[in-house]
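All remarks here apply to the structure that follows.
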Amino acid sequence: MSLKITNVETILLRVPLRQRTITDSQSTVDEVEFLQVVLRTDGGIVGCGMNWSYTTGLRAAQVMVDENYAPLLVGTDAFLRKETMRKLFFSNHFVGRVGAARVGLAAVEFALWDIACKAAGVPLWKHLGACRTKVKAYSTDGGWLTWSVDDLVRDANALVARGFDAVKIKLGRPDPREDLARIAAVRKSVGPKIDIMTDVNCAWRLPTAIQWGARLAEHDVHWLEEPMWPEDVKAHAELARSITTPVAVGETIYTKEAFRDYIESGGARIVQADATKLAGIDEWLQVAALADCHGLPVVPHTNVQQKLHVQLAAATPNAILVENCYESIQDIWKEPIQVVDGHYPLPQEPGVGLELTQETIDRCRIG
Ligand SMILES: [Mg+2]
């Protein structure tokens, strides 16, 4: 059996969030761009992939798919995914080993996986082979940097009341004393049994990270995420040797080789690999296996792509937890999944699960 790709379509969208504006140390987010890639085959199976960004500029990835990848994809067998991905990568690597080229590449890769899963008649987690039937969630849909302490505490308690036992708080206020006071207030209110994660979104430099990162242990913080500029592996390794709170990185690491360097340096204790930032599912699985070889857990970074990462986690023994975020727009997906009692159910429809609803496309399409 082969399935030849007959047509490639790309759709660019800008989706407004329906929740209070999101703020961290680098960004203010009130809308998210999406690139939907649709691959049609001669056997009638249609594969859907996507990528996303809360910064503008996803149109560049659309150009990569339309002008570089589409002509190479048409006529190829959708089951030759790894060979096809190698060809696509080398077609334009001078203009983007990472960045827009890789973002477009991942969207295509998801569509190729979608075809494989639909041909098998199963969702991705069944296609991979599962090790669990539901996946634990932690909440990032709160804890924003510009919220008042009262809002932070109220929101954390509301999440606990919903069944979450793990919540994330953003750090990176101009004065780190404020960061510490905010964590202290949340810890005091939610008690000792709730995991509190923290996320600096790369705002600190090494002296700040060592001095204030060390103080997080006073409040039993579960991990310290992206404390510094992600290219600086050495600084993360030095920080990880200096403090007891585990250092988490991954949402802005774009290649398996960069993960290897982090893991071998000791600069990553929690591996937050994101298949939409890597070149797709195959590379994510390689990173997860690499982490497993070093005894490290994987906690996929995810903003909008929970359905993808929940399925990957369900099939990956060391992927222990998946982020929950941007709940207000989860209904953009066909057959969305939502956290129940602190856990994600697994999707049941065949495929990877990255197909946007027609209503979302009609309402939000920009190109
Ligand atoms: Mg983060």
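The values are calculated or read from the model by the stated rules, or taken from the named source; none is laboratory data. The structure presented is a predicted model; accordingly, all values stated were derived computationally and were not measured. Here Cβ is always computed from backbone atoms with ideal geometry, including for glycine, and neighbour counts include all displayed protein chains. These area figures cover heavy atoms from the full protein model, side chains too; ligands, DNA and RNA do not enter into them. Shrake-Rupley method; radii C 1.70, N 1.55, O 1.52, S 1.80 Å.
Table for the structure above
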{"quantity": "Over 32 Å between alpha carbons, listed pairs LYS170/LYS256; LYS134/LYS234; LYS188/LYS234; LYS118/LYS234", "calculated": "LYS134/LYS234; LYS188/LYS234; LYS118/LYS234"}
{"quantity": "Length-normalised contact order of segment 126-345 in % [C-alpha pairs under 8 Å, at least 6 apart]", "calculated": "22 percent"}
{"quantity": "Solvent-accessible heavy-atom area per residue, rounded to whole Å², over the chain at 1.4 Å", "calculated": "39 Å²"}
{"quantity": "Sequence-separation-based contact order of the chain, relative, with Cα cut under 8 Å and 6+ spacing, percent", "calculated": "20 percent"}
{"quantity": "Other-chain or far-sequence residues with amide H under 5 Å of THR302's (modelled H)", "calculated": "GLU323"}
{"quantity": "More than 33 angstrom apart: percent of Cα pairs within segment 126-345", "calculated": "12 percent"}
{"quantity": "With all protein chains modelled, accessible area of PHE164 [1.4 Å, Å²]", "calculated": "10 Å²"}
{"quantity": "Computed helical MRE - 222 nm, the chain, DSSP H runs ≥ 4 contributing -39500 (n - 2.57), nearest 500", "calculated": "-11000 deg cm²/dmol"}
{"quantity": "Separation between Cα centres of segment 185-218 and segment 24-58, rounded to whole Å", "calculated": "32 Å"}
{"quantity": "Cα Rg over Rh - the chain, Kirkwood", "calculated": "0.96"}
{"quantity": "Between 0 and 90°, nearest 10: helix 206-215 axis offset from the chain longest Cα axis", "calculated": "60 degrees"}
{"quantity": "Over segment 211-286 - Rg/Rh using Cα atoms and the Kirkwood inverse-distance radius", "calculated": "1.00"}
{"quantity": "Beta bridges per DSSP with both ends in the chain, % antiparallel, nearest 5", "calculated": "60 percent"}
{"quantity": "Accessible-area composition of segment 126-345, carbon plus sulfur, in percent [1.4 Å probe]", "calculated": "51 percent"}
{"quantity": "On Cα atoms only, tilt of 149-162 relative to the major axis of the chain in degrees", "calculated": "60 degrees"}
{"quantity": "Residues SER328 and ASP220, FRET efficiency given R0 of 41 Å [Cβ-Cβ distance, rounded to 0.05]", "calculated": "0.85"}
{"quantity": "Label point at LEU12 placed 7 Å out along Cα→Cβ; residues across segment 54-95 whose backbone nitrogen lies under 12 Å", "calculated": "56-67"}
{"quantity": "Nearest-ten-degree value, helix 100-120 long axis tilted from longest Cα axis of the chain", "calculated": "70 degrees"}
